[in-house]
Amino acid sequence: MSNILGKQSLKFEVPPYIIGTANIVGKKEGEGPLGKLFDVVGEDDLFGEETWEEAESSMQNKAASWAIDNAKLTKDQIRYIFAGDLLGQTIATSFGLLNFNVPLFGLYGACSTAGESLSLAAMTVAAGYAENVLAVTSSHFASAEKQFRYPLEYGNQRPLAASWTVTGSGAFIVSSKQGKIKISGITTGKIIDYGIKDSMNMGAAMAPAACDTIYQNLMDFSFQPEDYDKIVTGDLGYIGSDILIDLLKEKGFDISIQHMDCGKKIFDQKTQDTHAGGSGCGCSAATLSAYLLKEIEMGNLKRILFVPTGALLSTVSFNEGQSVPGIAHGVIIERCE
């Protein structure tokens, strides 16, 4: 059962657990600060495939398969899959998970998809509709550039405000079987639009949505920022993180001590040419899987608010002069004492 809290949140009376996870990233991500923590780092970003899109599907397939193995389950024991990516009609997911033969809900939350998939998986398990659910997402630098901006062969210059789409995938098994890590609640985000039209400045476009979700989480649960060891955003990078902290201060909350952004954590700004930081579905998913869940399991973190952020645009909306709305989904993840 669940308790409905405030305007946008759920508190799970019987919490679902994360009992298995896996991740895979590209070569550049493996050269970053978290490089030694990833399960697998590709020797090149094609992962043995012929196209960037096939490479992303391969990553998602591998991460999902390994997560199931790590949970000591089989594919037949997975009731549902919640999964998505950045590509048109979520083709990385549909082709990557084609051979699983498991009921699938395809998702598009842009870079917030890790939070969306975990939220829906947790709701499904907590409600008793499934014992084991797979949540998985992915992104690929080259496939995303090809779709949203220019093919790599074009060689366009990137502004300093641009973020670097992470090549990576993260998968999670959410289960009713008791484990060391639980999802104790969620705060579902709303579409927030501050009228930003610069598609190369994702941090500025997504920060207002992150602010809205974090503020609502604190209000719904009657928490203060210090009730969390970390408040983790997914893809804001350096520019968006500064904006987020300023926006929340205007609402009466200072999260500067607790805040961490996966886009800032996954790359080294001084040694890697990634400008404003990392983004993409794989950014928060791989960081959660490789780093944050391990920190929780070891007891270094007891409770975090995981808030992946997404920019809800397409090439059509951008070319037609539309703004870039954002969305962010909050997931409370805790260590079981």
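Please treat every number below as a calculation from the coordinates, not as lab data. Note that the structure is a prediction, hence the values are computed from the model and not measured. Every residue, glycine among them, receives a Cβ derived from its backbone with ideal geometry; neighbour counts consider all protein chains shown.
Key figures
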| read-out | value |
| --- | --- |
| ³J(HN,Hα) computed for each position of the range 23-32 - Karplus, 6.51 cos²θ - 1.76 cosθ + 1.60, integer Hz, glycine/proline x | 8, 8, 9, x, 4, 5, 5, x, 8, x |
| Sequence ranges 174-182, 46-54, ranked by mean other-Cβ count within 10 angstrom, highest first | 174-182, 46-54 |
| Estimated inter-spin distance, Ser317 and Glu297, nm [label 7 Å along Cα→Cβ] | 3.6 |
| Simple spin-label estimate for Lys251 and Glu131 in nanometres, 7 Å along Cα-Cβ | 4.0 |
| Rounded FRET efficiency, nearest 0.05, which uses the C-beta distance separating Arg79 from Glu226 and R0 of 56 Å | 0.90 |
| Long-range amide H partners of His259 with built H, under 5 Å | Ile231 |
| C-alpha center-to-center spacing [the range 199-214, the range 216-274] in angstrom | 11 |
| Per-peptide average of other Cβ atoms within 10 Å, ordering 23-29, 289-295, 6-12, 324-330 highest first | 324-330, 23-29, 289-295, 6-12 |
| Proximal lysines to Lys302, defined as alpha-carbon separation beneath 22 angstrom and excluding residues fewer than eight positions away on the same chain | Lys11, Lys177, Lys180, Lys182, Lys230, Lys264, Lys265, Lys294 |
| Derived scalar couplings ³J(HN,Hα) [the range 117-130; Karplus, 6.51 cos²θ - 1.76 cosθ + 1.60; whole Hz; x for Gly, Pro] | 5, 5, 4, 5, 5, 5, 4, 5, 5, 4, 7, x, 8, 7 |
| 16 Å Cα-Cα reach of Lys28 towards aspartates and glutamates, excluding residues that sit fewer than 8 places from it in its own chain | Asp39, Glu43, Asp44, Asp45, Glu56, Glu145, Asp268, Asp273 |
| 12 Å beta-carbon shell around Lys190, net charge (K/R +1, D/E -1) | -1 |
| Summed side-chain charge close to Ala121 - residues other than Ala121 whose Cβ falls under 14 Å, Lys, Arg +1, Asp, Glu -1 | +1 |
| Mean separation of Cα contacts under 8 Å (6+ apart) over length of the chain, as relative contact order % | 25 |
| Residues whose placed amide H lies under 5 Å from that of Gln269, excluding near-sequence neighbours | none |
| Rounded to 5, percent antiparallel among DSSP beta bridges of the chain | 65 |
| Estimated [θ] at 222 nm from DSSP helical runs (n ≥ 4, -39500 (n - 2.57)) normalised by residues in the chain, nearest 500 | -9000 deg cm²/dmol |
| Label-zone membership for the range 176-206, site Ile4, 7 angstrom Cα→C-beta point, backbone N under 18 Å | 185-190 |
